[in-house]
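The values are calculated or read from the model by the stated rules, or taken from the named source; none is laboratory data. Because the structure is predicted, anything quoted here is derived from the model rather than measured. All Cβ positions, glycine included, derive from the backbone under ideal geometry; neighbour counts span all protein chains shown. Each accessible area value is taken on the protein alone, full model and side chains, heavy atoms only, with ligands, DNA and RNA left out. Shrake-Rupley method; radii C 1.70, N 1.55, O 1.52, S 1.80 Å.
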Amino acid sequence: MERYRIAVAGASGLVGSALVRSLAADGHRVVRLVRRAARGRDEVCWDPEGRYVDAAGLAGCDAVVNLAGAGIGDHRWTEAYKKTLRDSRVLGTAALAEAVASLPEPPRVFVSGSAIGYYGDTGDRAVDEEAPPGEGFLPSLCVEWEGAAVAAREAGVRTVFLRTGLVVARGGGAWGRLIPLFEAGLGGRLGDGRQYWSFISLHDEVAAIRHLLDGEGLSGPFNLTAPRPLTNREITAAMGRVLHRPALFPVPAPVLRLALGEMAGDVLGSARVLPRRLLESGFSFAFPGVEEALRAALGR
């Protein structure tokens with residue numbers, strides 16, 4: 001197997017740390033982007049909000065993967081935090097894309113994060129990568145986020161956007177918060193439970209990223225979601241079955257809006273997103289169902 005040198009921004013996050021472990025286990029050399037002075041050849045200094053990257057540290061990389069960004073669900077969406085969300089994604093992506101484009105021999109592929117928030121609230125309507133962006137804060141953020149990679153595309157670097165769904169994992173994201181509630185017997189549907197959730201297991205998320213890294217000719221947006229989105233009601237029922245706990249404590253929509261503010265719209269909104277391009281590219285899901293994904297996340 002050919003070994004590559006791959007730079008990863010966001011290497012300490014939920015997906016980034018799992019990707020780094022996977023790449024290193026197969027003998028690839030991983031270069032981490034860090035927000036301090038680099039301490040060796042396996043680190044590159046960058047400041048995403050300051051739009052700075054030590055481009056020389058990326059020389060010789062076969063690929064650059066950008067998974068950096070402040071957590072969508074970490075805080076209420078105040079105007080200040082929405083600016084943090086934007087700057088950490090848009091300015092960081094632009095800095096990396098410009099650094100990649102500046103190299104005499106740029107990497108062969110630039111893989112950059114995005115999200116199914118691109119589509120907004122789709123209701124019962126299933127959408128794939130051909131669908132236009134929705135309306136609201138998250139869709140506009142995703143459009144700007146993907147657009148920030150223009151320098152890499154114009155330099156002829158194969159550029160891929162990861163429109164990721166809700167990652168099923170114990171260690172972070174939405175499920176990192178839901179699983180402890182269900183384990184305590186306090187789980188239940190959110191709102192009326194009819195909204196679609198498009199999910200993906202952490203294993204399949206990492207496998208899909210690696211598939212797209214290796215896939216010559218694959219560029220543009222790819223939805224990283226399991227093939228069959230489920231409603232929140234179906235998902236919470238599955239969590240109750242897997243964890244052997246009742247799912248009897250629904251959280252009414254007004255309570256969510258009071259607790260989460262504007263972010264409640266994302267929790268209560270429906271995203272029925274299909275991974276058409278990923279499937280057409282030959283990718284095979286190891287955990288296509290939510291119960292399988294949950295059992296994988298829980299090690300059962």
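Brief remarks on what is shown
- Residues considered: Val255, Val251, Val267. Of these, the only one that is open to solvent by 60 Å² or more (accessible area, probe 1.4 Å), at pLDDT below 70 and out of contact with any Phe, Trp or Tyr (no Cβ under 7 Å at 6 or more places or on another chain) is Val255.
- Condition met for Ser114 (surrounded by fewer than 18 Cβ atoms within 10 Å (Cβ to Cβ), of a type in the set (Ser, Thr, Tyr) and touching a residue at least 24 places away in the same chain (Cβ under 8 Å)): no
- Residue identified as assigned to a helix (DSSP H, G or I), among the hydrophobic types (A, V, I, L, M, F, W, C) and touching a Leu at 6+ places or on another chain (Cβ under 6 Å) among Ala18, Ala70: Ala18
- Index of the failed condition, Glu291 passing every other in (1) within 24 Å of Tyr118 (Cα to Cα); (2) surrounded by fewer than 21 Cβ atoms within 10 Å (Cβ to Cβ); (3) at pLDDT 90 or above: (1)
- Residue match in the range 7-26 (condition: in contact with a strand residue (DSSP E or B) (Cβ under 7 Å, 6 or more places away or on another chain), closer than 24 Å to Leu224 by Cα and at pLDDT below 95): yes
- Whenever a residue of the range 206-231 is free of Cβ contacts under 8 Å to residues at least 24 places away in the same chain, it has no partner that is surrounded by fewer than 22 Cβ atoms within 10 Å (Cβ to Cβ) and among the aliphatic types (A, V, I, L, M) lying with C-beta atoms less than 6 angstrom away and at least six residues away or across chains.
- Residue that is modelled with the highest pLDDT [pool: residues in the range 159-172 that are open to solvent by 30 Å² or more (accessible area, probe 1.4 Å) and over 19 Å from Arg272 (Cβ atoms)]: Arg170
- Residue count for the range 63-81 satisfying the condition of being at pLDDT below 95, over 15 Å from the mean Cα position of the chain (by Cα) and either among the aromatic types (Phe, Trp, Tyr) or surrounded by 18 or more Cβ atoms within 10 Å (Cβ to Cβ) (or both): 2.
- The requirement of being part of a helix (DSSP H, G or I) and open to solvent by 20 Å² or more (accessible area, probe 1.4 Å) is not satisfied by Ala38.
- Residue in the range 119-138 that is under 14 Å from the mean Cα position of the chain (by Cα), surrounded by fewer than 24 Cβ atoms within 10 Å (Cβ to Cβ) and free of Cβ contacts under 8 Å to residues at least 60 places away in the same chain present: no
- Failed item, numbered, when Leu14 is tested on (1) open to solvent by less than 50 Å² (accessible area, probe 1.4 Å); (2) in contact (Cβ under 8 Å) with a residue 60 or more places away in the chain: (1)
- Among the residues making up the range 190-224, those that are closer than 18 Å to Asp128 by Cβ, touching a Lys or Arg at 6+ places or on another chain (Cβ under 8 Å) and open to solvent by less than 10 Å² (accessible area, probe 1.4 Å) are Ser198, Phe222, Asn223, Leu224.
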